[in-house]
Every structure is written in C-alpha cells, then in structure tokens.
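Enquirer: Dropping the structure in here first, questions after.
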Amino acid sequence: MSHWPVGIYKTNYSSDEAIFHTKFVKSWVILFLVFLIVLPLIANDYILYVSNLIGISIIGAIGMNILTGFTGLISLGHAAFIGIGAYTSAILSTKLGVPFFIALPAAGLISAISGMIIGIPSLRVKGLYLLIATLAFQIIFEYFLFHSTPLTGGPQGIGIKSATLFGISFSSEGSFFYLNLVMVVLSLLFAKNLFRTNIGRSFIAIRDRDIAAEIVGINVFKTKLIAFGLSSFYAGITGSLWAYHVNSISPEHFPLWLSIRYIAMIIIGGLGSIIGSVFGAIFVIVIPEILSVFASFVDINPGILSSLQQMVFGILIIVFLIVEPDGLAELWKRIKEYWKLWPYSY
Amino acid sequence: MDEKIRSMVTRREFMKTTTVIAGGLAVGAPGILRNAFAQDSGGGTIKALALCPLTRAITWFGEAVAQGTGDYFKMINEQGGIKGKKLELEVADSQYLVDVGIAQFRRVMAKDPKPQIIFSGETGLTKAITRIIEEEFPGQVVYLGLSQSVELWAPKKHPYNFVMGPTYPDEARACFRWIKELGAKKVVVVRSDGAWGLDPMEAIREAAPKLGINIIEEVVAKVGEVDVTSQVLRIKKLNPDCVFLHGYLHETPARIVKTMAEYGMSAKKTPIVLTSWSTNKKFIDSAGEAGEGVYGINHVHYWWEQDRPGIKQMVDFNQKHYPNVDYRIVDYIRAWLCAIVAVEGLKRANVLTGEGIKSAIESIIDMETGGLSPKLNLKEHKLTEYTTLYQVKGKRLVPIKDVYGGPI
C-alpha cells in the first residue's frame, strides 16, 4: 500500500511496537539520515558547527524534557549537570589519560549520580521551591569551579584534546559531526523507547498527579530520582561532547543562562515530547543564525541590527507559542494530520 | 468537484512530487547556503572582524569596540587606505556566549575573502577561537584581544594572539608600586569573586612581600553588589593603610568608596586604588564627592585630554563625522588603539597574510601614539607593561605619571 492509512490497523505485536508505522515515514527517515551522512561532504564549517551545536543541544534538551516535560520537575541546574559532564571528561582525559570511549559514559554517570543526589529534596519540594533548590546547586557549582583550581583549573579552566576512537580523531567539524550524529540517534532511540516502558510511564503519571501515581503503586521518590538521574545523564553526555568539541572549558561555559536556554528549547519545542526537544533545539540555535546571515547583508548600525535580531527572535517565539501553545511538536502533528487527509482535510 | 480534484492530482503523484522537491531541497540546501556565503567583496580590501557582544550582556563594551575600530578604519580609508587597499570591518554579535561567538566566527570565516585580523574581548571565547585559528587557519589570522586576562598571554603557545593592553597582573603590579610610593604597609585587597577578580591575585601575593607590603586580607564583593556595608565594616575593622580594588566596572567601587566615606574612611584619609576597568567617568559620576582623591590606572588616555595629539586626532574625527557626539567612553579609545596596532601591522607587513601581519606587529617597539597611550611594545605580544596613574581631582581624572607593571 503506497497510500497513507486512514487508521492504524495492526495484526501482530511487532508492528504495534514499531516506532515508525508506515513505509512512507520510514522512507523519509532513511532519506533524512542519508542527507545527514552526506552533509559533511557538501557543507562548510559554519553549517557543520551549527549542526554540531544543534546535535549537542538536542541531547541536552531531551534530558531537560525527561525531567521537566515528562516528570514535571522544574530545574535550573541543567547547566551545572552539563558542566559536571564536561569537567568529568576533561579531568579524566587530561589528568588520568582516560580515552574518550570511557570518559564519555563516565561523564554521564557522574552527572547522573550528582543529579540523583540533588534530586533527593524533590520528594519534599516541587514547583518553584525545587526551582530555587536547583538554582542553589548551580551557584554552588560555579563557586566550586572557581575555587577548586587543582581539580578544575579555576577560572582558567581546562584544555582538552579532541576525541579519538579506533585511531580516528574527531577534531574537525566534519568528523565530529558523525560522532555527534551517532550520539544523537542513540539518545533519541533510548528516549523514545523509555516512554514505552514502565519507568517512562511512571514519569508521566507523577507529572499528571503524583498522589494518584503513588496510590496506583508507583514509588514516587525512587521514580523522581531515576528521572533526575536520567536527565542528568543526558546532560553529562551533552557536556562531555561540548568539551571534546571546543577543546577548552571554563566556568563561563556553563552559566545559569544555559539552563534557561534549555527550558526555552523544550517549551518552544513541546513539553513532554521527544520530537519537541529536537524542534526546540533546532529553533533556538538556527533562528538566530538565520537572522545573522540575513543581517550581514543589511548595512545599518551593528548594535541596532543585533538588537533588532534579538527582537525578531523574541517575536518569533511569541508568535509560535500563540499559534501553538503546546509547542512546535504539536504544530508538526497538526501539519501531518492536515496532509494525511489532504485534499479532504477539515 | 471531488472528482475534478482527484483527476487533477492523485495522492501518489502529490507524494512523489513533494518527496522529490523536499529531497532535492534537503540535498541542495547546504550548497545554496554555501553560495550565499561565498560573496567576494573584491581583492581591493583588507578584511577584519570585530566579534563582540552587542546584545544580552556588556553591550556598551561591544558597541564601543565596533565603533572605535570601525571609526579608525574609516579614517585610514579616507587617507587612502593601506597599500592601495581599503579596510573593511565586519561586526558580529557574540552575545557574550561562547557557543554563539564561535558560530559567528565560523560564519564570517566561511566567507571569501576571510578576515585577517580579529578584534574581540571575551576570555572564554578567545580561548575557543584561538584553538580553531591555530588548528584550522594557521598563518592566516591575527587575533587582537581586548581581554587582559593573563591566561591569554602566552606568545609561544598562542603565537597569533596579542593582548591589547597590559595584563591584569601588570596592572596590579603597577598599582602596588604606587602603593609603596604612598608609604602604605598594610593593604586590603577588595576583589570580585570570579575569573576576573582572581586573575591577578597570584601576582599580587608574589609582588607585595617584595615591595614590603602586607596584604592583610582579601575582601570579596560581587560585581554589581548593591549593599557593601559588611565589606566596608570589615575594612574599617582591619584599619588598612590603603585599599586596592580589582575586578569591577564602575558601580561596585563607587558604592564601596561612598560607603567607606560614610564610615569615616574617605579616599583622602585612606588611599584607594582602582584598576583600569573601574577608572572611568561613570565611576566619577557615581561616586560623587566621595570619589575625590581616588587613584586609578589606565593604558589609554581619556577623551578630555585633548592636549595630546593622539586624543585630538580622535576627537577631530568624531567632530567631523558625528557633530552631535561630544564624548566617547574609554572603551572606544581602547578599541581605537587596537585599530592603530592593526593598521601599523598592516603597514609594516611585507606580505598581507596572517603570518606577515603577526611578524609586523611583533616588530612594533617603542611606538608613539601621539600621547594616546604609553609607548607600545608588542614584541612580547602585549601592548605595554606601563599604565598611566590617575587621581580624581575636581571630578576629573588627572594623570600623574606612567607606572611600570612588569615583574618586580
């Protein structure tokens, strides 16, 4: 059948469990992956850098969405967890000579452990109170970075060599793109499957009504800690990839602003949506870049021009949120629904 | 009607068409974008990039860098350019974010011709870009950084980087030499709690004992701290001979100076010495009467010192092109000085490559700037080790003398 099915008709469990339900969607995904594989061969370093930034941000945004979008726990400590991942990789790599393939998961694990410790108060505090608790963690983290010079390099930070795997160095934007692509695909697949499991469903149950979730037998405390752990694991991987990408990290790479940017990504993309994390990361990274490319052709005062760019970016966010308060993911869903029934859409 | 639509385009045809178009666009988009970047501004120009924060944070600094470098380039272009070539400055907004700054750098470097000189001023961004320059554009680009962080000053490690000023340790040593001349033995250091505030501390701890000065305590106050009473009470209790402040813009020092005056420690009674980023007109305006007698340093002279030919030239240019402008902040003058170095490097370069410009800039020794700054010596990849000492008198910063900030 080449047409789009009007309903979901499945005759076995495997087709029911499939992530992509039709050949049409599968073809698009394959085509997109082929495009991504070809991209480093045809794009310049600027486009590849922006693509790498998007990839890294997607992983971070998924982590943020697991905690905030799916479990309903608001955190301002995401930048700190990203920082922990970055510093773990940098310290392991430079001081202990640990190779990339160990330093990367180690960064995720250390971040996850930190996240679970910080998540302990989440049973008692939630909403704005949890926000303040995680904000406090961000401040402590920054203080620690500045004052633990033997470990973190203090204000000067740490220089880190590019990632190498099986003798291949990922120092150029193009080579790093492939490494990043693999990590993004793995992150997406894990997250997509997570919400088809008991644990993932428990996250959603807690978000919707934690008391009800407890009544149906979900261990709220344990589940919240797992959410913190998983979210921080993603953040750790994000930080590690960032450190290996820029080759030098210092405290100013992980300001509070970074956490706010990730919150913006998941709100714009769609809370509680994996594809929303992807859309949000793309939107927040790409729109300002597109605006600066256009701006480079305009000959007016650079200060005014940059302010205008920021205003346009802000207006675009407002417009998108007015058009679809549930984020770009919902907008995407509506567009798909429209074309599914086209030309008989209503 | 439905039949008509169906006969016009079938679902299969539609899907095929959209797939082909979207696939084509997806594959072709980078090529289209790449062509958009490959805009040639001609072989008759020398390109430079000012990568500075124009939105989000410290925008006044970014705007001053863009304006100051741009104006000096404009003046040189009016005089015929350099070796028959016009100077072209592209300005990009780093938003004071490392990732955004790298993206902007990448965007400009993807164009052809590439800039050969980069003006910037953020420590974290400088480190990230330095790595890219050294690995991907060796011998093609020279980086003139307005950050005075000592970690960026490493001529052997980062051969294409030049620090556009004395480093923070140089500034601190110059201040402490003056503190010694004042006869102070017990000094309280007030600093911000971050990379900036910590930058010269190692040098201070090393230099002070050699000068016979005892740092009795380091008092920490955050940048922009509103209530500094607890810090001032601590200073009062310690009863120092002199107070040295570093790691601030004008607001915090102004508050500290005012609060100190309220607690009976006026600058005339207890000397107060500021480093360069606090020594400006905004400090004088904010501190008011309490600011009288405060010492400060800077490696450029101020807008009102128009008896100096270098400053006069800048003021004349502004009066000619911007008749409504009657004052420029000191950061504009710093940027103007940066552009002086770039232009001198371009003039001296045998070949207009990054390598040629770098060697030419390194050859700048004892260069006069018409009194706009102390003599420039760029052999060691920083502007100078001298700074001018100022004192606030009659709500003006009045120069006293140039002070050496090199090792003790």
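Enquirer: For B:G371, which sequence-distant residues (separation of 5 or more, or a different chain) have an amide H within less than 5 Å of its own amide H, given hydrogens modelled in the peptide plane?
Expert: B:G310
Enquirer: In whole percent, and with a 1.4 Å probe on the protein chains, what portion of the accessible area of chain A is carbon and sulfur?
Expert: It is 72 percent, rounded to a whole number.
Enquirer: Where Rh is the Kirkwood radius over the Cα pairs of the stretch A:43-341, the temperature 25 °C and the viscosity 0.890 mPa s, what D in µm²/s does Stokes-Einstein return?
Expert: Taking Rh from Cα pairs, D becomes 124 µm²/s.
Enquirer: Which residues in the stretch B:239-275 place their backbone N less than 14 Å from a point set 7 Å from the Cα of B:W304 along the Cα-to-Cβ direction?
Expert: Hits in the stretch B:239-275 for B:W304 at 14 Å: none.
Enquirer: Over the stretch B:297-408, what is the relative contact order in whole percent, taking alpha-carbon pairs under 8 Å and six or more residues apart?
Expert: Computed over the stretch B:297-408, the figure is 25 percent.
Enquirer: Also, quick follow-up: Relative contact order for the stretch A:43-341: what is it in percent, counting Cα pairs under 8 Å that are at least 6 residues apart? Kindly include the intermediate steps, with their values, before the conclusion.
Expert: Details: 461 pairs, mean separation 98.0, N = 299.
Reported as a whole number, the value is 33 percent.
Enquirer: Using a 1.4 Å probe, how large is the accessible area of B:L238, given in Å² and rounded to the nearest 10?
Expert: Rounded to the nearest 10, the figure is 40 Å².
Enquirer: Pairs A:K95/B:K382; B:K186/B:K395; B:K282/B:K393; B:K180/B:K395; B:K86/B:K127: which are spaced more than 20 Å apart, C-alpha to C-alpha?
Expert: Too far apart for the 20 Å limit: A:K95/B:K382; B:K186/B:K395; B:K180/B:K395; B:K86/B:K127.
Enquirer: I need the trypsin sites (Lys or Arg not before Pro) found in the stretch A:86-170, filtered to DSSP loop residues with at most 15 other beta carbons within 10 Å of theirs.
Expert: Filter output for the stretch A:86-170: A:R124, A:K161.
Enquirer: Related question: In a shell of Cβ-Cβ distance under 12 Å around A:A18, excluding A:A18 itself, what net charge do Lys and Arg (+1) and Asp and Glu (-1) give?
Expert: Once positives and negatives cancel, what remains is +3.
Enquirer: Could you size up the charge dipole of the stretch A:84-199 around its Cα centre, putting +1 on the beta carbon of Lys and Arg and -1 on that of Asp and Glu, and report it in debye to the nearest 20?
Expert: Dipole size: approximately 320 debye.
Enquirer: GNM on chain A, C-alpha springs below 10 Å: top fluctuator among A:N52, A:N247, A:N180?
Expert: A:N247
Enquirer: Radius of gyration and Dmax for chain B's Cα atoms, expressed in Å?
Expert: When restricted to the Cα atoms of chain B, Rg and Dmax are 25.5, 100 Å.
Enquirer: A follow-up question, please. In terms of modelled amide H atoms, which long-range or inter-chain residues lie less than 5 Å from the amide H of B:Y386?
Expert: Under 5 Å from the amide H of B:Y386: B:G405.
Enquirer: Please report, in debye to the nearest 20, how large the charge dipole of the stretch A:43-341 is about its Cα centre when each Lys and Arg carries +1 at its beta carbon and each Asp and Glu carries -1 there. Mind showing how you got there, number by number?
Expert: Details: 16 positive and 13 negative charges, 179 e Å.
So the magnitude is around 860 debye.
Enquirer: Right, something else. Could you point to the residue in B:F317, B:C338, B:L378 farthest towards the positive end of the stretch B:316-408's charge dipole, with +1 and -1 charges on the Cβ of Lys/Arg and Asp/Glu respectively?
Expert: The Cα lying farthest towards the positive end belongs to B:F317.
Enquirer: Let me ask you something else. Search the structure for amide H atoms under 5 Å from the amide H of B:A50, placed 1.01 Å from N in the peptide plane, and list their residues when 5 or more places away or on another chain.
Expert: It is B:E90, B:V91, B:A92, B:F119, by chain and number.
Enquirer: Let me cross-check A:M116: its accessible surface, 1.4 Å probe, with only protein heavy atoms counted, in Å² to the nearest 10?
Expert: 80 Å²
Enquirer: Find the relative contact order for chain B and round it to a whole percent, using C-alpha pairs within less than 8 Å whose residues are 6+ positions apart. Could the numbers behind the result be given before it?
Expert: Working: 781 pairs, mean separation 65.8, N = 408.
Relative contact order here is 16 percent.
Enquirer: Helix B:11-37: angle to the longest alpha-carbon principal axis of chain B, degrees 0 to 90, nearest 10?
Expert: That helix lies at roughly 40 degrees to the long axis.
Enquirer: Further, regarding this structure: Divide, for the stretch A:20-170, the radius of gyration over alpha carbons by 2.2 N^0.38 Å, where N is the residue count.
Expert: With N residues counted in the stretch A:20-170, Rg over 2.2 N^0.38 Å equals 1.27.
Enquirer: Another question, if that's okay. For the stretch A:118-275, I need the span (max minus min coordinate) of the C-alpha atoms along each principal axis, in Å, sorted largest to smallest.
Expert: So the extents along the principal axes, rounded to whole Å, are 51, 36, 28.
Enquirer: Related question: For the protein assembly as shown, state the semi-axes of the equivalent ellipsoid (square roots of 5 times the eigenvalues of the alpha-carbon gyration tensor), sorted largest first and rounded to whole angstrom.
Expert: Values: eigenvalues 512, 215, 102 Å².
Value: 51, 33, 23 Å, ordered largest first.
Enquirer: Here's something else I'd like to know. Using the Karplus curve 6.51 cos²θ - 1.76 cosθ + 1.60 with θ = phi - 60°, work out ³J(HN,Hα) for each residue of the stretch B:321-327 in order, rounded to whole Hz, and write x for Gly and Pro.
Expert: Per-residue couplings from phi come out as 9, 10, x, 7, 7, 10, 7 Hz.
Enquirer: Okay, moving on. Could you give the dipole magnitude of the protein assembly as shown about its Cα centre, charging the beta-carbon of Lys and Arg +1 and that of Asp and Glu -1, in debye to the nearest 20? Let's see the in-between values first.
Expert: Numbers: 72 positive and 62 negative charges, 168 e Å.
With Lys and Arg at +1 and Asp and Glu at -1, about 800 debye.
Enquirer: Restricting to the protein assembly as shown, compute how many DSSP beta bridges are antiparallel as a %, nearest 5.
Expert: Details: 18 of 54 bridges.
Of all bridge pairs located within the protein assembly as shown, approximately 35 percent are antiparallel.
Enquirer: With θ set to phi - 60°, apply the Karplus curve 6.51 cos²θ - 1.76 cosθ + 1.60 along the stretch A:170-187 and write out the HN-Hα couplings as whole Hz, x wherever there is a Gly or Pro.
Expert: Per-residue couplings from phi come out as 9, 8, 7, 4, x, 5, 5, 4, 5, 4, 4, 4, 4, 5, 5, 4, 4, 4 Hz.
Enquirer: Keeping every protein chain in place, order A:W28, A:W342 by accessible area at 1.4 Å, biggest value first, i.e. largest first.
Expert: Ranked from most to least accessible, the order is A:W28, A:W342.
Enquirer: Also: Heavy atoms only, probe 1.4 angstrom, no DNA, RNA or ligands counted: give me B:R234, B:R191, B:R173 ranked by accessible area, highest first.
Expert: So the residues, ranked largest to smallest area, are B:R234, B:R173, B:R191.
Enquirer: Given 25 °C and 0.890 mPa s, compute D for the stretch B:267-362 with the Stokes-Einstein relation, Rh being the Kirkwood radius over Cα pairs; round to the nearest whole µm²/s.
Expert: Translational diffusion coefficient: 155 µm²/s.
Enquirer: Additional query: What ³J(HN,Hα) values, in whole Hz, does the Karplus curve 6.51 cos²θ - 1.76 cosθ + 1.60 give for the stretch A:311-317 when θ = phi - 60°, with x put for Gly and Pro?
Expert: 5, 4, 4, x, 5, 4, 4
Enquirer: Might you tell me the accessible area per residue for the protein assembly as shown, computed with a 1.4 Å probe and given in Å²?
Expert: On the way: 32510 Å² over 754 residues.
For the protein assembly as shown, the solvent-accessible area averages 43 Å² per residue.
Enquirer: If you line up the long axis of helix B:59-78 against the longest principal axis of chain B, both from Cα atoms, how many degrees apart are they, to the nearest 10?
Expert: So the inclination is approximately 80 degrees.
Enquirer: Taking the full set of protein chains and a 1.4 angstrom probe, give the accessible area of A:H147 in square angstrom, rounded to the nearest 10.
Expert: Number for this one is 70 Å².
Enquirer: For chains B and A, what's the summed buried accessible area, probe 1.4 Å, to the nearest 100 square angstrom?
Expert: 4300 Å²
The values are calculated or read from the model by the stated rules, or taken from the named source; none is laboratory data. Note that the structure is a prediction, hence the values are computed from the model and not measured. Here the Cβ is made from the backbone with ideal geometry for all residues, glycine too, and neighbour counts use every protein chain on show. Accessible surface areas use protein heavy atoms only, side chains included; no ligands, DNA or RNA. Shrake-Rupley method; radii C 1.70, N 1.55, O 1.52, S 1.80 Å.
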